[in-house]
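Below: the structure, in structure tokens.
The values are calculated or read from the model by the stated rules, or taken from the named source; none is laboratory data. The shown structure was predicted, so the numbers you read here are calculated from the model rather than taken from an experiment. Here the Cβ positions follow ideal geometry from the backbone for every residue, glycine too, while neighbour counts run over all protein chains shown.
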């Protein structure tokens, strides 16, 4: 198998409609001898693989025997691909001309940078930042994630206010550039299945002294909610469970107990709100998330033991206050006001 400098890897599960719409732009704007395009298929049943074989002979295909989810699916796929850099790309992303070389050139010159995220705008309204990633990800002191250009459900219009290269805490898995060695030495946490695995990966990399960078001079356009709709109770369950797991896994010893207890209390309040709104499936998702968090604690105790040996737990990109409180009570709905 020939080694390319950059491998663009799309994980697909029943996303033929997205491949039909967005794979052409990926192929057209990745037409370089140093680049290769891959689709790893999680046992789709919608003829996705047949569509690629018939229409894109230049695209490499990895076919799995079952749906391994986002995290393990990418782990298994990237283990099989030879490249200096990987681009993890959602199937529902439209890329733009010259979207690869500026970032790769930047990473070539800055060896301490492990991960780079471009500007993520909404495919449906290209003046607006997109929920998953926007202009780069951060977390607050209780582990709630937010972004430049998106705090909770409030999206900003892109007016050039985030047009400088900047350090961020996490990069979105919707479009993530990463060095091969940094990925294979760390990988996604397969037990997370999907959602927040990129936050966990970036957190572990930062603890090892690596940099995560937002690069605004490349723009891509993301539909969002491609695999699981935003109102899915299963997605809600994954977000609640995985947020607790990555906190337990990555927080330093002197902060873990208080942060986890506080988060579980706040989760309980949100579950009560779901009850009051008669959203019983969402209430059940929170309860299930907490139950499975406890169930996974023995395994995560071992994973945590590996993390507390790393070099640093103090990061400037962790917001020292609580973003939920500031959003609802201080009306800080834009990143530049935090």
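Just a few scattered comments:
- Test result for residue 127, surrounded by fewer than 18 Cβ atoms within 10 Å (Cβ to Cβ), touching a residue at least 24 places away in the same chain (Cβ under 8 Å) and closer than 30 Å to residue 163 by Cα: yes
- Unique match (being at pLDDT below 95, assigned by TED's automatic domain parsing to the domain that holds residue 145, surrounded by fewer than 17 Cβ atoms within 10 Å (Cβ to Cβ) and out of contact with any strand residue (DSSP E or B) (no Cβ under 7 Å at 6 or more places or on another chain)) among 272, 306, 276: 306
- Selection within segment 31-40: residues that are free of Cβ contacts under 8 Å to residues at least 60 places away in the same chain and over 15 Å from residue 88 (Cβ atoms). The member of this set that is farthest from the chain's Cα centre (by Cα) is 33.
- Neighbours by Cβ (under 7 Å, 6+ apart or cross-chain): first from segment 14-30, surrounded by 15 or more Cβ atoms within 10 Å (Cβ to Cβ); second in a helix (DSSP H, G or I) and modelled with pLDDT of 95 or more: 14/48; 15/48; 16/48; 16/51; 19/48; 19/51; 19/52
- Picking from residues in segment 147-167 that are out of contact with any strand residue (DSSP E or B) (no Cβ under 8 Å at 6 or more places or on another chain) and in a loop (DSSP other than H, G, I, E, B), the one that is modelled with the lowest pLDDT is 153.
- Condition met for residue 285 (more than 21 Å from residue 323 (Cβ to Cβ) and surrounded by 11 or more Cβ atoms within 10 Å (Cβ to Cβ)): yes
- Total residues in segment 2-24 satisfying the condition of being in contact with a strand residue (DSSP E or B) (Cβ under 6 Å, 6 or more places away or on another chain) and at pLDDT 95 or above: the figure is 9.
- Evaluation of residue 95 against (1) surrounded by fewer than 22 Cβ atoms within 10 Å (Cβ to Cβ); (2) in contact (Cβ under 8 Å) with a residue 24 or more places away in the chain; (3) in contact with a helix residue (DSSP H, G or I) (Cβ under 9 Å, 6 or more places away or on another chain) (one fails), failing number: (1)
- Residue within segment 158-166 that is more than 23 Å from residue 336 (Cα to Cα) and buried (at least 18 other Cβ atoms within 10 Å of the Cβ) present: no
- Flag for residue 140 being in contact (Cβ under 8 Å) with a residue 24 or more places away in the chain and either crowded, with 18+ Cβ neighbours inside 10 Å or in the same structural domain as residue 324 (by TED's automatic domain parsing) (or both): yes
- Inspection of segment 171-192 finds no residue satisfying the criterion of being farther than 29 Å from residue 41 by Cα, touching a strand residue (DSSP E or B) at 6+ places or on another chain (Cβ under 7 Å) and at pLDDT 95 or above.
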